[in-house]
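For reference, the structure is listed below as structure tokens.
The values are calculated or read from the model by the stated rules, or taken from the named source; none is laboratory data. No experiment lies behind these values; they were computed from the predicted model shown. A quick note on method: Cβ atoms are made from the backbone with ideal geometry, for glycine too, and the neighbour counts reach across all protein chains shown. Please note that ligands, DNA and RNA were not included when accessible areas were found on the heavy atoms of the full protein model with its side chains. Shrake-Rupley method; radii C 1.70, N 1.55, O 1.52, S 1.80 Å.
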Amino acid sequence: MSIEYAPTICPYCGCGCGLYLVVKDGKIAGVEPWNQHPVSEGKLCIKGRYAHQFIHHQDRLVKPLIRKTNSFRQATWDEALALVAAKLNEVKAKYGANAIGMLSSAKCTNEENYLMQKLARAVVGTNNIDHCARLCHASTVAGLAAAFGSGAMTNSIIDIEESDCLFIIGSNTSEQHPIVARRVIVAREKGAKIIVADPRDTQLARMADLHLQHKPGTDVALINGMMKVIIDHNLQDKEFIETRTEGFDEVAKIIKDYPPDKVEEVTGVPAADIEEAALMYAQAERGAILFSMGITQHTTGTDNVKSCANLSMLTGNIGKAGTGVNPLRGQNNVQGACDVGCLSNVFPGYQAVTDGKKRAKIAEVWGVAELPAEVGLTVVEMMNAASEGKIKAMYIMGENPMVSDPDLTHVKEALESLDFLVVQDIFLTETAKLADVVLPAACWAEKDGTLTNTDRRVQILRTAIEPPEEARPDWEIICMLANEMGAGNLFSFKSADEIFDELRKVTPLYAGMTYQRMAGDGLQWPCPEEGHPGTPILHVGEFSRGLGKFHPVEYKPPAEVPDEEYPYILTTGRIMFQFHTGSMSRRSPMLDGEVKEAYIEINAADAKELGIKGGDTVAVSSRRGRIDTKALITNRVTRGVVFMPFHFAESAANVLTNSALDPIAKIPELKVCAVNIEAKR
Ligand code: SF4
């Protein structure tokens, strides 16, 4: 028997923990921690510990599938690719390139995402390329880019330990980013104060010095209130504001209208707690903000992120260790998929598609005459366009919008109305079940490439075992399809390293990285030239945009608020033992054994009033649909607020959620909608 230990990166969340895959006779037998890894230092959460369990699952897709009426038949690669290429070329010829929409994947490597957007732009000829970052942190990218010039975590995960005060808003860190939570605990042990702002009473909230349990969607009011207290106590960093920022006066003007007692009325947080939180953060030597989807998935998501940027600049808490504004990204490569251009408005490296010079430069590297200049459609816009008959074909790689997107009834109707749908994945997901062609992909342990974690660390993923039967790495499939579509020599790559070499030519943030340099600890971007050590802390001495920009942000209520018909606020999220649409974690016996089905958290007083007991089946309805689920009676949520995890397709919370969009980032309001609850007798 041969046993090997293959170093790699966890396939679940954006922490980017290192682990060893134990390979026994060509099969993955387990996971061992990587003690020297710079992020995880030998620690893993339960998802990482059992990250191997779905790899050899019997449900793996192993051959291409072609639809035959209500079922699929197995096909050869030649047959499947010829059909996909012919259909996409046919739609392009008949309706134009913009009748095709493409979704890339935050689960795939940088190289694969790079190729997917190149296929969209250079071969199909559309900027209709997007991915699930649109549903989680598009507002982070927009908000932080506007304030600082760079839309990513400003500091490093290890740096959290240096903080004297952590203001954690909209992040259930101990369940969703446990290895980051570990650093928060270390900081606390070293004396840091912890403030958690979360509508739910989470494990992290219980260990915090102060829990601000604000109403969902009232983040801007809360932060404006804190800023008013800081200015009233003359605790703002005047020198920092004067020398490093612009636009402060307009912010100072509007926050006069946010005294704590008024903010209490909007947020439900006692005025004294708002005051205490503001003083705790402002009086700390080094204060850091951590946030996640609790603030980004709103129609005011970009405003929420800009508010965090305002608060950090007001107190000079940026550009040094233990400070910063730190978005915690959800998926293992959602940062990378954004970095390499899988967004409808930017090329790799966040270079605007509307910028003629950038377009010309990238076209030259790719060897094409021109590239599309018009900003493309985002995830939700593509679904709307499909149901209106404007998008006729979609190519979806490693995403499962039939569980992850808001208003699922509408998503199903949109996907069913397409002339042609091709899905590339490792399992027959709820979305793949609707496809005309399904292409079997290799999983994370079966391919080479790089992943970029939440603190901008680009790390190498190496093949530990071969893919099952005829499954292929996504990058190989894209190359084969591009060649079949007539892309000439644009996709003649023989390895992931070769793709990376081209990627770094058009992605200035990655220009100095090579596989050789990334071996070991990886490199944090920006890394503009070879020899550059990478950048653990952004905006030291100067912001990426020069001066940091304050944005006056007024509180706006969510798109949908409770009324007589739908009297409860539903907020959705993840749980520790499941991940995203469940396609991997629900096929992991250890994870699935912990929590197997959906539920709704209802406050004990509300439940009593409704005559609902724990474990009862309840019907939950919104303006968009209705589902049945189990009641979990708890005081983790306040009266009038209910919570559901969104992982479970059979009681999908996203049947209920609202697809109303943030006007700038086009992120849907997954965190707030109005629902009704009825006991089922
Ligand atoms: Fe994997 Fe995230 Fe857990 Fe680390 S914290 S082991 S990256 S799921």
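List of remarks:
- Note on segment 186-199: residues that are assigned to a helix (DSSP H, G or I) and either more than 16 Å from the ligand (Cβ to nearest atom) or touching a strand residue (DSSP E or B) at 6+ places or on another chain (Cβ under 9 Å) (or both) amount to 3.
- Members of segment 412-431 found to be free of Cβ contacts under 8 Å to residues at least 60 places away in the same chain and either buried (at least 23 other Cβ atoms within 10 Å of the Cβ) or not charged (D, E, K, R) (or both), listed by number: Ala414, Leu415, Ser417, Leu418, Leu421, Val423, Gln424, Thr431
- The residue list Ala133, Ala93 contains one member that is hydrophobic (A, V, I, L, M, F, W, C) and either more than 14 Å from Gln335 (Cα to Cα) or modelled with pLDDT of 95 or more (or both), which is Ala93.
- Residues of segment 1-17 that are in a strand (DSSP E or B) and either more than 9 Å from the ligand (Cβ to nearest atom) or open to solvent by 60 Å² or more (accessible area, probe 1.4 Å) (or both): Ile3, Glu4, Tyr5, Ala6, Pro7, Thr8.
- Residue match in segment 49-58 (condition: in contact with a strand residue (DSSP E or B) (Cβ under 9 Å, 6 or more places away or on another chain) and among the hydroxyl-bearing types (Ser, Thr, Tyr)): yes
- Entry remark, segment 159-185: residues being hydroxyl-bearing (Ser, Thr, Tyr), more than 20 Å from Gln297 (Cβ to Cβ) and either out of contact with any strand residue (DSSP E or B) (no Cβ under 9 Å at 6 or more places or on another chain) or within 16 Å of the ligand (Cβ to nearest atom) (or both) number 0 in total.
Yes or no, residue by residue, for (1) under 21 Å from His580 (Cβ atoms); (2) buried (at least 24 other Cβ atoms within 10 Å of the Cβ):
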| position | (1), (2) |
| --- | --- |
| Ala97 | no, no |
| Tyr114 | no, yes |
| Val141 | yes, yes |
| Pro178 | yes, no |
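- Selection of segment 411-434 for residues being within 21 Å of Asn654 (Cα to Cα) and either among the β-branched types (Val, Ile, Thr) or assigned to a helix (DSSP H, G or I) (or both) yields Val411, Lys412, Glu413, Ala414, Leu415, Glu416, Val423, Thr429, Thr431, Ala432, Lys433, Leu434.
- Just one of the listed residues (Glu601, Glu597, Glu554, Glu529) is over 30 Å from Asn310 (Cα atoms), more than 16 Å from the ligand (Cβ to nearest atom), at pLDDT 95 or above and open to solvent by 40 Å² or more (accessible area, probe 1.4 Å), and it is Glu529.
- Conditions (1) within 30 Å of Ile160 (Cβ to Cβ); (2) surrounded by 24 or more Cβ atoms within 10 Å (Cβ to Cβ); number of the one not met by Leu439: (1)
- Restricting attention to segment 560-609 and to residues that are touching a residue at least 60 places away in the same chain (Cβ under 8 Å) and among the basic types (Lys, Arg), the residue that is farthest from Gly30 (Cα to Cα) turns out to be Arg574.
- Residues that are buried (at least 18 other Cβ atoms within 10 Å of the Cβ), of a type outside the set (A, V, I, L, M) and part of a loop (DSSP other than H, G, I, E, B), drawn from segment 512-526: Gly512, Gly522, Trp525, Pro526
- Helices (runs of 4 or more DSSP H) enclosed by segment 331-410 - at least 1 residues per element that are out of contact with any Lys or Arg (no Cβ under 9 Å at 6 or more places or on another chain), surrounded by 24 or more Cβ atoms within 10 Å (Cβ to Cβ) and not hydrophobic (A, V, I, L, M, F, W, C): 334-339, 401-404
- The residue that is surrounded by the fewest Cβ atoms within 10 Å (Cβ to Cβ), among those in segment 200-234 that are part of a strand (DSSP E or B) and touching a residue at least 40 places away in the same chain (Cβ under 8 Å), is Leu210.
- As for segment 594-608, it holds no residue that is touching a Cys at 6+ places or on another chain (Cβ under 9 Å) and part of a loop (DSSP other than H, G, I, E, B).
- Residue within segment 91-106 that is within 16 Å of the ligand (Cβ to nearest atom) and touching a residue at least 24 places away in the same chain (Cβ under 8 Å) present: yes
- Between Met590, Met576, the distinction of being closer than 29 Å to Trp444 by Cβ and open to solvent by 60 Å² or more (accessible area, probe 1.4 Å) belongs to Met590 only.
- Between Leu570, Leu509, the distinction of being over 22 Å from Thr8 (Cβ atoms), modelled with pLDDT of 95 or more and in a strand (DSSP E or B) belongs to Leu570 only.
- Among the residues of segment 282-325, those that are closer than 21 Å to Thr657 by Cα and part of a helix (DSSP H, G or I) comprise Met293, Gly294, Ile295, Thr296, Gly301, Thr302, Asp303, Asn304.
- Single condition Ser105 does not satisfy, out of (1) assigned to a helix (DSSP H, G or I); (2) open to solvent by less than 10 Å² (accessible area, probe 1.4 Å): (1)
- For Trp475: the one exception among (1) in contact with a helix residue (DSSP H, G or I) (Cβ under 7 Å, 6 or more places away or on another chain); (2) aromatic (Phe, Trp, Tyr); (3) within 16 Å of the ligand (Cβ to nearest atom): (3)
- Single residue of segment 577-594 satisfying the filter (in contact with a helix residue (DSSP H, G or I) (Cβ under 6 Å, 6 or more places away or on another chain) and within 14 Å of the ligand (Cβ to nearest atom)) that is farthest from Leu656 (Cα to Cα): Leu591
- Some residue of segment 450-472 being touching a residue at least 24 places away in the same chain (Cβ under 8 Å), outside any loop (DSSP other than H, G, I, E, B) and open to solvent by 50 Å² or more (accessible area, probe 1.4 Å): yes
- On the stretch given as segment 240-255, residues that are surrounded by 15 or more Cβ atoms within 10 Å (Cβ to Cβ) and under 22 Å from Leu222 (Cβ atoms) total 8.
- Restricting Ala80, Ala93, Ala85 to those that are open to solvent by 70 Å² or more (accessible area, probe 1.4 Å) and either assigned to a helix (DSSP H, G or I) or on the phi > 0 side of the Ramachandran plot (or both) reduces the list to Ala93.
- The one condition in (1) open to solvent by less than 10 Å² (accessible area, probe 1.4 Å); (2) not in a helix (DSSP H, G or I) that Ser150 fails to fulfil: (1)
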